[in-house]
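Participant: Quick one: this structure, given as structure tokens, is what I'll be asking you about.
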Amino acid sequence: MRLAEDFGITPAVQDYMIRKADELTPHNPFEVRTLASSHVGYFSRPRVFAEALIDLL
């Protein structure tokens, strides 16, 4: 999950980490969803986060 309003781990840093992880597993890249939330979005918007996870199944 990419958090678009995260100031602790900015979206640019998140994109870098995703890109580096995908380089390690090119046969299994991440499916990235963006949540309009801060770093605590998992707690402040749990329903949206849960729905995004369910969509991955």
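Participant: Taking the condition of being at pLDDT 90 or above and surrounded by 11 or more Cβ atoms within 10 Å (Cβ to Cβ), how many residues in region 9-33 meet it?
Facilitator: Looking only at that region, the number is 15.
Participant: With (1) surrounded by 13 or more Cβ atoms within 10 Å (Cβ to Cβ); (2) in contact with a Leu (Cβ under 7 Å, 6 or more places away or on another chain); (3) in a loop (DSSP other than H, G, I, E, B) as the list, and ASP6 as the residue in question, which single condition is left unmet?
Facilitator: So ASP6 meets the others, but not (2).
Participant: Now for a different question. Any residue in region 1-18 that is free of Cβ contacts under 8 Å to residues at least 60 places away in the same chain and under 20 Å from PHE43 (Cβ atoms) sitting within a Cβ distance under 6 Å of a residue that is assigned to a strand (DSSP E or B) and open to solvent by 70 Å² or more (accessible area, probe 1.4 Å)? List the pairs, counting only those 6 or more apart or interchain.
Facilitator: ARG2/THR34; ALA4/THR34
Participant: For region 34-55: of the residues being in a loop (DSSP other than H, G, I, E, B) and aliphatic (A, V, I, L, M), which is most open to solvent (accessible area, probe 1.4 Å)?
Facilitator: Applying the filter and picking the extreme gives VAL40.
The values are calculated or read from the model by the stated rules, or taken from the named source; none is laboratory data. Quick caveat: nothing in here was measured; it's all calculated off a predicted structure. Heads up, the Cβs are rebuilt from the backbone with ideal geometry, glycines too, and the neighbour counts pull from every protein chain shown. Accessible surface is based on the protein model in full, side chains and every heavy atom, while ligands, DNA and RNA are left aside. Shrake-Rupley method; radii C 1.70, N 1.55, O 1.52, S 1.80 Å.
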